[in-house]
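One structure is given below, encoded as structure tokens.
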Amino acid sequence: MNPKMLLCALSAASTLAACSLAPPYRTPVTAPPAASYKEAAGWKPAEPADDQPRGPWWNVFHDSQLDTLEAQVTTSNQNLKAAFARLEQARAQMRYVRADYLPTVTASAGASRTRTSINAPQYSTAKPATQNNLLLESDFSYELDVFGRVRNSVAAARATAQASEADLAVVDLSMHSELALDYFTLRSEDTQQSLLDRTVTDYIRALELTQNLYKGGAVPLADVAQAQAQLETARTQAEDVRLRRAQTEHAIAVLVDQQASSFHLDPQPLAPDMTPPPIDPGLPSQLLERRPDVAGAERRVASANASIGVARAAYFPVFSLAGGVGYESTHGFSLVDAPSALWALGTSAVMTIFDGGRRHAQTDQARAAYDEQVANYRTTVSTAYSEVEDWLAALRQLERESTSESAAVAATATELEQANYRYKAGAATYLEVVIAENASLAAQLSAADIEVRRMNASVLLVKALGGGWESPAPASTLASR
């Protein structure tokens, strides 16, 4: 083939490939963000500082055991590995589609020996009836992207790959958050276990005291029965906490990809002075740049928008350029000689005239898919703002609950102490002691529950904010890659 002809053909192709039928893409419009979070009133966020954790956000809790477990999630969690594999699939699909930018080149070789029948109409006495045919050829084909089908297919695949990248970030954030939630739940269950074990020990002593008083005729049998019932109830609660702790420990084992049968974490109650770390929620206008699920939803809108262009291109002809070069001869010694050379170059245009409405249906489907992704994006944005407001409110209210419940713990401890004095002095029945002991236990368990809810709320606030304090690349930057 004449190289000049090939260059001219490819130049013409690049000139023609300047049209795109995809609508101009714009990020879907959402309600403008508020100037500040409504539930942040009175909130004292962390001041920006150089030592503020930005990558492994769980470091803000200053817990070495949590840090170790979170590192195992990063390297071993199977959900993360599956999400990364999905990202690799999307990237491979993008490379597959992008290959249409280049011509497809094939090479072939063949050898045949044929004999023509003397009675065949193509038989000629001028050539022998038995002939050899040796062929060495290379062919190429190239679609001229006149109406942007290829470019929009690549744009859709690229946006889908970027959405998969955001999905990986979502799974990463979710797995690390889930581990932190399970970890603080486990430590809270250790706190409850320690409290209930001490309570059981105290109730055993109370039962022994009551039995001695009964034997001395100082109290009725009903007091012994009440002491026994109270002890067994506390034992039941302690066993139930052991069950819940075991299940929480098994859940952590799954997150770090270890066998539940061999995984163990030593009991470690929450420190009495543990409080949620200060977290800077930033401004509502920054949230959409921080949340990976928002970025993923926006990229799916872009992919759906490009797919409309692919569907529209089906209404127009597909122009192709094809050619081939090679050698053909009846003898091997002359196969690669200049006289044996061959070449071909041609173009074609194919257009569907009637398809029973198939292209129209595909275009409608693409538009509907775009509308669906726009709605999903707006829902994701609304959910993002709502979740931040939820956990800001939770942290504020739980702090107040913690203060009041601490007062309740102190008050019930005083009440129990006085009830015991009155009972031992014979001024009160054992029922009064039982009521005081139950109130004290309930207050202490409630206080432990509030503390773990505060820690979990802080984890969920970080998750709602999109993870660490380092803002990811905005969607506009992703779109330009």
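The values are calculated or read from the model by the stated rules, or taken from the named source; none is laboratory data. The shown structure was predicted, so the numbers you read here are calculated from the model rather than taken from an experiment. Backbone-built Cβ (ideal geometry, glycine too); neighbour counts: all protein chains shown. Heavy atoms of the whole protein, side chains included, go into the accessibility calculation; ligands, DNA and RNA do not. Shrake-Rupley method; radii C 1.70, N 1.55, O 1.52, S 1.80 Å.
Points worth noting:
- Sorting the Cα pairs of the chain by distance into bins of 10 Å, from 0 upward, gives 4, 13, 16, 15, 13, 11, 9, 7, 5, 3, 2, 1, 1, 0 percent per bin.
- Charge tally for E143 (other residues, Cβ to Cβ under 15 Å; Lys, Arg +1; Asp, Glu -1): 0.
- Note: relative contact order over the chain, using C-alpha pairs below 8 Å and six or more positions apart, is 26 percent.
- Here Q397 and L135 are evaluated by their C-beta separation; at R0 = 60 Å the FRET efficiency comes out at 0.15.
- Calculated mean residue ellipticity at 222 nm for the chain: -21500 deg cm²/dmol, from DSSP H runs with n ≥ 4 weighted as -39500 (n - 2.57), summed, divided by the residue count and rounded to 500.
- Placing unit charges on the Cβ atoms of the charged side chains and taking the dipole of the stretch 174-256 about its Cα centre, the candidate lying farthest along the positive direction among P220, Y183, V200 is P220.
- Under the Debye formula (equal points on every Cα, no solvent term), log10 I(q)/I(0) of the stretch 308-403 at q = 0.10, 0.13 Å⁻¹: -0.65, -0.77
- Tilt relative to the chain, helix 149-215 - C-alpha long axis, 0 to 90 degrees, to 10: 20
- Hits among lysines - C-alpha to C-alpha of K38 under 29 Å, sequence gap 8 or more where chains match: K463
- Burial ranking of peptide ranges 425-434, 117-126, 103-112 (average Cβ count within 10 Å, highest at the top): 425-434, 103-112, 117-126
- Inter-probe distance in nm under a simple model that places probes 7 Å from Cα toward Cβ, at D355 and A229: 7.8
- Taking the 1.4 Å solvent-accessible surface of the chain as the whole, the part contributed by carbon and sulfur is 56%.
- Simple spin-label estimate for K38 and D67 gives 3.9 nm between the two label positions (7 Å along the Cα-to-Cβ direction from each Cα).
- Under the Karplus curve 6.51 cos²θ - 1.76 cosθ + 1.60, θ = phi - 60°, whole-Hz ³J(HN,Hα) for the stretch 296-309, x wherever Gly or Pro sits: x, 5, 5, 5, 6, 5, 4, 5, 5, 5, 5, 5, 4, x
- Helix 3-16 axis, angle to the chain major axis (alpha carbon atoms, nearest 10°): 50
- For the pair E88 and A222 in one chain, pulling the backbone fully straight at 0.36 nm per residue adds 41.2 nm over the alpha carbon distance.
- Rel. contact order, % - alpha carbon contacts under 8 angstrom, at least six apart, the stretch 345-477: 31
- A protection proxy built from the mean count of other Cβ atoms within 10 Å ranks the segments 239-249, 263-273, most packed first, as 239-249, 263-273.
- Taking the longest Cα principal axis of the chain as reference, the axis of helix 358-424 is set at about 10 degrees.
- Per-residue accessible area (protein heavy atoms, 1.4 Å probe) orders H360, H176, H62 as H62, H360, H176, starting from the largest.
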